[in-house]
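Right, one structure below, let's go through it.
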Amino acid sequence: MSKNKRTHKGTKVALQDIANTIRGLAMDGIRAANSGHPGLPLGMADVATVLWSDFLVHNPKNADWFDRDRFILSGGHGSMLIYSLLHLYGYPLPLKELKNFRQWGSKTPGHPEVHDKGIETTTGPLGQGLGNAVGFALAEKSLAARYNKRGHQIINHFTYVMAGDGDLEEGLSHEACAFAGTNKLEKLILLYDNNKISIDGPTSLSYTDDVKKRFEAYDWQVLHIDGHDYASIHQAIAQAKKEKTKPSIIICDTQIGFGSPNRAGTAKAHGEPFPEEEIELTKAALGLPPKKKFYISKEVAALKKFAQASGVKLTKKWNEKLAHYTKKYPKESRELKQMLKGNISAKAFDIPEFSPEKAMATRASSGQVLNYLAPIVPAFMGGSADLTPSNKTFPKGETAFSPKNPKGRYIHYGVREHGMGAIMNGMALHGGIIPYGGTFFVFTDYMRPAMRMAALMSLQVIYVLTHDSIGLGEDGPTHQPIAQLASFRAMPNISVVRPMDANETAEAWKIALRNTNKPTCLVLSRQSLPTFDRKKLKMAPAGDAQYGGYILTKDRGYTHIIIATGSEVEIAIEAKKKLNEKGVKVSIVSMPATDIFDAQPAAYKNKVLPSKIKKRVAIEAGASLSWYKYVGLDGKILGLDHFGASAPFERLYSEFGLTADDLTKTCLEL
């Protein structure tokens, strides 16, 4: 059957007519906004039409149905493609939203956002969607291995991701795709838009990779087709779905801006609206009414009802399968349903208290907390970027995920921080998984783009970030984070928690469990810190860390406030003793999480930091920037606004003025 004769299996409308309707909608929406990227929607409309018409398992009436296939547009700049698909196939995206493309309050922002129905992930920064797709596929494989039973395949769906040369040029794509090949994520199918055009011109200006050899080296199945030949597209997707041991890439040779007489195949088709004259010429070439805006024929409009009815049937059939599964496997069904709802056992918040018998690094106490939590929170799936012994992220009793052991809940990500971050985002978006991942705090610089996307998407992702300061010592300034604390505190919708001891570390994990709509950074020490006997020392309970900041200990009638986090709280306590000997009365505020403290009622914040007390000093082994709002113009900050050095940590604290004597002297100078 030739490419212009293939029809939709339900409505018998020509697939070519569907694809051309998508092209017309994309051109009109972008022209109306006077902003956008027509090249991708026009170039990949044929591939998208075959996928959505012949293969995609989904339910427009219930976009969140769990066992749906996932479709991810990694090249989010081509958003009019997915908006057109969602409208035509019956999702709650009316035509007026396409007409309101990129406008205030619309459901059609410039790049797809996960908060809208039918959008699986927020894309735009290139490579992120591709990394997320690996996470979706990993989550599906893990949950299927753990919960499917013989004759009861309740988790069985594919992840399709559409990506272009920009996605594959970003280093993230190497990290994520290599990981996918190693872990044999066979239900991951990448549709590569091989149009050979970038913003600057031909991709050959900067990109000459042999994509086929590259993905063969990753151990992927590689298929290569004409991306405008419907029979070839169909056959390739069908073949990819049959592959049982490898992810698949379908290299789709396409023409950017397909159908445009004057812009197709050129860089000008990529990222600017077509002039009205060119739109009319293109529509005429595609067989669309040249003068009609947002045109949808009656035949193409029939897709909506068919896709909705088909989706309802698919979901009903799955619900019946789930009911049979629940009857036969009630324990597993109950556990899975709780995971999908995001519910966590109350027992997870009853972490045993650490005794004050011996000092330990907060990375070590974090590891012990994980040992307690892992069997209680089946949704946990965590790993490390090849720093497992240092991050203490492998819970006792757990096994590692691998092609031979897909039930394992621990992930060896390899040295791939950026890939790990994007993969964790995909796992969180998939549902049923609360991902955590470890690395050294300084290496968040590699992972930051994915962490920002987690914050933007309000995802529950947990970062176990050890070696939090110059306290790591001899590894020197390349490994000692300075600006990281301040920079993440400046990022919206992310909690940064730097606990002072083992019991605050337990509270930090509780914060992470409660943060269902934001990611959490657990910033942990390499060096040992004392576990304080709070009752004996008349300190506030560690549970007060849930407020973000609290009065740890205070003198009656205090005149000075010392604010500290992490390893510097011990220094503050020692300085308080010295100040008391000199007749100075002090309140010590432990502030492990500034964002949580900032969200407290004004009355509470004024109780912890009374406005009448102007003599304030903040101490933290990191950049001073984030502390000015708490100490005010009359206060002082002991921090680090320069890089560290290689030496034992005790010497570094002394050389850089972060000792109890330095803090005492600074308080006395106020």
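The values are calculated or read from the model by the stated rules, or taken from the named source; none is laboratory data. No experiment lies behind these values; they were computed from the predicted model shown. Neighbour counts run over all protein chains shown; Cβ positions are idealised from the backbone, glycine included.
Taking segment 120-138 as the range and being part of a helix (DSSP H, G or I) and charged (D, E, K, R) as the test, no residue passes. So which pairs qualify, if the first residue must be in segment 263-282 and without any contact (Cβ under 8 Å) to a residue 40 or more places away in the chain and farther than 15 Å from Pro41 by Cβ, the second must be among the charged types (D, E, K, R) and surrounded by fewer than 18 Cβ atoms within 10 Å (Cβ to Cβ), the Cβ gap must be under 8 Å, and the two must be at least 6 apart or on different chains? Here the result reads Glu280/Lys291, each pair linking segment 263-282 to a residue that is among the charged types (D, E, K, R) and surrounded by fewer than 18 Cβ atoms within 10 Å (Cβ to Cβ). Of the helices (runs of 4 or more DSSP H) contained entirely in segment 395-490, those carrying at least 2 residues that are more than 28 Å from Gly342 (Cα to Cα) fall at 444-456, 484-489.
Criterion applied to Gly171, Gly118, Gly135 was being in the same structural domain as Cys252 (by TED's automatic domain parsing), under 24 Å from Gly43 (Cα atoms) and modelled with pLDDT of 95 or more, and the one residue passing it is Gly118.
Residues in segment 1-52 that are among the polar types (S, T, N, Q), surrounded by 24 or more Cβ atoms within 10 Å (Cβ to Cβ) and under 30 Å from the mean Cα position of the chain (by Cα): 1 in all. Of Glu620, Glu574, all but one fail to be touching a strand residue (DSSP E or B) at 6+ places or on another chain (Cβ under 9 Å), in contact (Cβ under 8 Å) with a residue 60 or more places away in the chain and either over 22 Å from Arg498 (Cα atoms) or outside the structural domain of Ala508 (by TED's automatic domain parsing) (or both); the exception is Glu620. Against the definition (surrounded by fewer than 24 Cβ atoms within 10 Å (Cβ to Cβ), closer than 23 Å to Met80 by Cβ, assigned by TED's automatic domain parsing to the domain that holds Tyr83 and touching a residue at least 12 places away in the same chain (Cβ under 8 Å)), how does Gly124 come out, yes or no? So Gly124 fits the description; yes.
Looking at Gly118, Gly105 in this structure, which one is in contact with a Phe, Trp or Tyr (Cβ under 8 Å, 6 or more places away or on another chain) and on the phi > 0 side of the Ramachandran plot?
Working: Gly105 fails: in contact with a Phe, Trp or Tyr (Cβ under 8 Å, 6 or more places away or on another chain).
Exactly one of Gly118, Gly105 is in contact with a Phe, Trp or Tyr (Cβ under 8 Å, 6 or more places away or on another chain) and on the phi > 0 side of the Ramachandran plot, namely Gly118.
Of the numbered criteria (1) touching a residue at least 24 places away in the same chain (Cβ under 8 Å); (2) touching a Leu at 6+ places or on another chain (Cβ under 9 Å), the one Pro290 fails is (1). Here the helices (runs of 4 or more DSSP H) wholly within segment 614-670 that include at least 2 residues being acidic (Asp, Glu) and within 20 Å of Leu472 (Cβ to Cβ) are 649-655.
Yes or no, residue by residue, for (1) touching a Leu at 6+ places or on another chain (Cβ under 7 Å); (2) among the hydrophobic types (A, V, I, L, M, F, W, C); (3) under 30 Å from Lys268 (Cα atoms):
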{"residue": "Leu126", "(1), (2), (3)": "no, yes, yes"}
{"residue": "Tyr147", "(1), (2), (3)": "yes, no, no"}
{"residue": "Ile155", "(1), (2), (3)": "yes, yes, no"}
{"residue": "Phe158", "(1), (2), (3)": "no, yes, no"}
{"residue": "Leu188", "(1), (2), (3)": "no, yes, no"}
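Take Ile279 and decide whether it is in a loop (DSSP other than H, G, I, E, B) and β-branched (Val, Ile, Thr). No: the conditions fail for Ile279.
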